[in-house]
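Written out below as structure tokens is the structure these notes cover.
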Amino acid sequence: MIGLRDITVRFGDKLVLDRFSLDIPAQGLTALSGPSGCGKTTLLRVMAGLAAPGGGAVSGIDPGRTAFLFQEDRLLPWRTATQHIADVLPRPRRGEAARWLAFAELEGEGGAYPAALSGGMARRLALARCAALGGELLLLDEPFAGVDSERTARILERLRGLGVPIVLATHQPQVLCACDRMIALEGPPLTRV
Amino acid sequence: MKKLLNTAAPLAFWLLVWALCAWRVGRALLLPGPLAVGKRLLELAGTGDFWLSVGATLGRVFLGLGWGALAGTALAFATHFFPWADRLISPAIRVVRATPVVSFILLVYLWVARGAIPWVISGLMVLPVVWGALCAGLDNMDEKLLELARAYRFSRLKTLRLVCLPALRPQFAAGLLTAFGLAWKSGVAAEVLCPPARAIGSRIQQAKLGLETADLFAWTLAIVALSLALEGLLRRGLGKGERA
């Protein structure tokens with residue numbers, strides 16, 4: 001079980017999380033939903049160890065063993081799709097990068113640089129890179145933004161097949177329906193579920 | 001054809017202006033015409049001394065460019081990552097940047113051997129330019145990509161190789177191109193003021209002392225032609241690694 005206890009995060013004068021507590025089962029797909037700016041991204045960043053809370057504690061997560069998909073693609077303009085995958089693999093084996101590209105339905109795009117990819121393709125590459133990094137927990141922030149619904153469904157099933165607990169933030173009803181559980185958030189500041 | 005015309009037409013125009021000015025002045029000692037200068041340049045280019053002087057000057061300029069770029073790069077990283085280095089080194093580099101090249105040439109003349117002055121001076125002119133370009137690049141480094149590198153557990157070396165160096169490449173290339181022009185001009189200026197045994201600057205100095213104006217023009221033309229050609233090669237070399 002992933003536990004968040006009395007988490008408080010403040011950006012300047014703005015209180016984003018105010019003594020927020022939540023328990024998330026460490027299995028299957030868990031969706032975080034809520035209006036824009038309610039604190040979903042901040043919550044995921046706290047869970048990934050990328051944002052230090054001003055107060056409270058996180059348990060059940062080793063930040064060194066999580067993979068985080070940022071809300072922006074954050075691709076390196078000078079690396080090809082294959083290189084993006086190979087860069088995060090600890091010991092890349094022959095064909096492994098190609099398998100992860102196929103995971104995100106990017107076959108044939110291995111030699112493409114980010115500038116040559118559409119918005120949806122870039123998002124899928126970022127998702128494939130995150131999945132390839134792997135770990136004990138995947139934290140995905142808007143993983144299917146700009147991805148068509150049929151691909152979204154297929155890639156979601158592949159994500160489920162990884163057998164790793166996944167917590168994702170999304171606005172897409174299709175993704176919410178496909179998850180094992182949904183946690184509706186209200187904020188800001190985020191105080192309760 | 002159109003490209004050739006676009007290049008040749010302005011060149012022909014300025015050669016004509018030069019020829020008219022030389023004709024109006026009427027004294028080759030003050031202003032030789034383009035034909036006389038071209039003829040002299042061809043004569044010089046047929047001698048071994050010309051090419052040895054060009055080679056020696058090029059060697060000094062590239063030596064200066066090399067050590068200046070290396071030192072500028074190392075100091076940019078040092079001043080960016082270590083606040084104490086920034087406080088200590090940055091003001092000194094700004095002083096170097098603001099000091100007239102002639103002051104440096106005369107000072108360095110007192111401290112180092114005559115043959116070493118041009119490449120020491122070239123390097124001193126290159127260092128602040130490369131340092132400034134890289135500092136700007138490091139200051140404007142995309143924090144989101146650096147956060148990605150941390151989140152994706154890249155080692156420091158991997159972050160440097162995959163994120164920092166490629167991101168700095170455009171600034172480094174622009175700085176190096178600017179620095180090359182400075183290295184070339186300051187190196188030849190140093191050769192003129194402190195002439196080594198064999199150098200373009202020494203030949204210019206000799207031409208000046210002997211009132212051989214056609215020689216002076218011919219050597220200057222050779223410098224301009226070499227500078228443009230090498231800058232073009234450098235631009236092409238630096239651009240080749242960049243992805244379209």
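Observations
- Peptide B:150-159 has a mean of 4 when you count, residue by residue, the C-beta atoms of other protein chains within 10 Å of its C-beta.
- Descending Cα extents along the principal axes, the protein assembly as shown, whole Å: 94, 53, 41
- GNM top mover of B:R87, B:R60, B:R153 - chain B, alpha-carbon springs below 10 Å: B:R153
- Of all DSSP-defined beta bridges confined to the protein assembly as shown, some 40% are antiparallel rather than parallel.
- The protein assembly as shown, dipole about Cα centre (Lys/Arg Cβ +1, Asp/Glu Cβ -1), debye to the nearest 20: 1020 debye
- Structural descriptor for the range A:103-188: relative contact order 29 percent, calculated from alpha carbon pairs under 8 angstrom and at least 6 residues apart.
- FRET E, pair B:L106, A:F11, Förster distance 56 Å, beta-carbon r, rounded to 0.05: 0.50
- Equivalent-ellipsoid semi-axes of the range A:93-165, from the Cα gyration tensor, Å, largest first: 18, 16, 11
- Mean Cα-pair separation over length for chain B, i.e. relative contact order, pairs under 8 Å, 6 or more apart, %: 26 percent
- For chain A, DSSP calls about 40 percent of its internal beta bridges antiparallel.
- Per residue of A:133-139, other chain Cβ atoms within 10 Å of the residue Cβ number 1 on average.
- Set of lysines with alpha-carbon distance to B:K3 below 28 Å, sequence-local pairs under 8 removed: B:K39, B:K240
- Computed on the Cα atoms alone, the convex hull of chain B gives a volume of 167 cubic angstrom per residue.
- If the Kirkwood radius is taken over C-alpha pairs of the range A:58-193, then at 25 °C and 0.890 mPa s the Stokes-Einstein diffusion coefficient equals 157 µm²/s.
- Set of lysines with alpha-carbon distance to A:K14 below 28 Å, sequence-local pairs under 8 removed: A:K40, B:K144
- Chain B: calculated mean residue ellipticity at 222 nm from DSSP helix runs of at least 4, using -39500 (n - 2.57): -28000 deg cm²/dmol
- Protection proxy ranking for B:122-129, B:10-17, using the average of other Cβ atoms within 10 Å per residue and placing the highest first: B:122-129, B:10-17.
- For the range B:164-244: relative contact order, % (alpha-carbon pairs under 8 angstrom, 6 or more apart): 25 percent
Read-outs: derived from the displayed coordinates by stated rules, not from any lab. Note that the coordinates shown come from a computational prediction; the quantities given were computed from them, not determined experimentally. Positions of Cβ are generated from backbone atoms using ideal geometry, with glycine treated the same way; all protein chains shown enter the neighbour counts.
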